[in-house]
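Below is one structure, written out as structure tokens; the observations come after it.
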Amino acid sequence: MVSVIIPTLNEAAYLPWLLEALARQTQPPEEVIVADAGSEDGTPEIARAWGARVVPGGRPAVGRNAGARAARGTWLVFLDADVVPRPDFLEKALREIEARRLDVATCLMEPLSPRPADRVFHEVANGYLLALQRISPRAPGFCILVRRALHEAIGGFDETLLLAEDHDYVQRAARHGRFGVLTSVRIPVSTRRVEEEGVFPLLLKYLWAEAHVWAGRPIRSLPFDYAFGHHRPSSRPGGYTKKESGLAWPPILPPRSIMRGMGSWPGRLRWPWRWTLLSGDRPPLTSQPKAHDRRLESATGSRSLPPPISSGDR
């Protein structure tokens, strides 16, 4: 049983893309848990409308631990709200984990961005992850897969850390289980932090954090700002069009493909989610009679967002 855990704070512009991508998985998770840190933009309501469970959260480490405590799965998959996994992500990841007999893992990454510099930046990071996986494990917090028993054995994430809590987590986990970087799948991730802070300022922050990790010095205070949940909304949080980047992601799937990807979920999905996926649209609400016109551009056309949240639900 797989539980997906997503820490959030004001992620209404990004979370729907991830929830839709999870619904389209060829091997869907049994549950999705959103650990919310007090969002004011309707994030919890959006999560519930998509059938996810919502629990109180905090900073990423706090939210991940809270979600893990509420989870029932034997496998925990920690994702951030700004990733958009492909439909076969979970199936391929779990298959490789089983083949390699791993207990904790991360995967290679790719940017949801048309800029060559972002691709180079992420390929360098991928090489770094692969080179260190047997020496000094690293894992980006936006994609970590772990056996529940191992998560509990190491006491979860260290909630006192302000940065590099993900690296600390997998390093402790690797002492009690087998760690690996998955190569059969990649996780498409937003480059919003790079866009907001710039490549070099952000790179300096990461190098500063890496120096502390190598020195074995926990990061419990920061000499710079590192925002959580204060990113600017994006009109295209899931990615760019094929013409712009060549990624062509997320794709539009026909209803039959979506139904196959939903696996055992349909009986437990809430009606707004089921209606969105099966009809390609959603029923008009009294607060927004032209709900079918609310669409975001995607790689091959346009697709629906989850049901909007009325002002009375915020």
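Placing +1 on each Lys and Arg Cβ and -1 on each Asp and Glu Cβ, with no other charges, gives region 66-125 a dipole about its Cα centre of roughly 180 debye.
Scoring 34-42, 91-99 by mean Cβ neighbours within 10 Å over their residues and listing the highest first yields 34-42, 91-99.
Cα-Cα pairs above 17 Å in region 57-120: how many percent? The calculated P(r) of region 57-120 puts 57 percent of pairs beyond 17 Å.
Counting only protein heavy atoms and a 1.4 Å probe, tell me what percentage of region 14-161's accessible area is made up of carbon and sulfur. Write out the running numbers ahead of the final one.
Numbers: 2830 of 5200 Å².
Ligands and nucleic acids excluded, carbon and sulfur give 54 percent.
Using a simple spin-label model with pseudo-atoms 7 Å out from Cα toward Cβ, Ala117 and His176 lie 4.2 nm apart. Comparing Ile46, Leu108, Leu76 along the charge dipole axis of region 32-147, the residue lying farthest to the positive side is Leu76, per the Cβ-charge model. Taking all protein chains together, Trp214, Trp208, Trp50, Trp75 sort by accessible area into Trp214, Trp208, Trp75, Trp50, largest first [probe 1.4 Å]. A cut-off of 5 Å between modelled amide H atoms, ignoring neighbours fewer than 5 places along the same chain, links Glu110 with Ile187, Val189. Against the empirical 2.2 N^0.38 Å (N residues), region 72-154 has a Cα radius of gyration ratio of 1.16.
When the Cα atoms of region 2-56 are aligned to their principal axes, the ranges along those axes come out at 33, 19, 15 Å in descending order.
The values are calculated or read from the model by the stated rules, or taken from the named source; none is laboratory data. Computed from a predicted model, the values in this text were never measured in an experiment. As a convention, Cβ positions derive from the backbone with ideal geometry for all residues, glycine included, and neighbour counts pool all protein chains shown. For accessibility, only protein heavy atoms count, side chains too; no ligands or nucleic acids. Shrake-Rupley method; radii C 1.70, N 1.55, O 1.52, S 1.80 Å.
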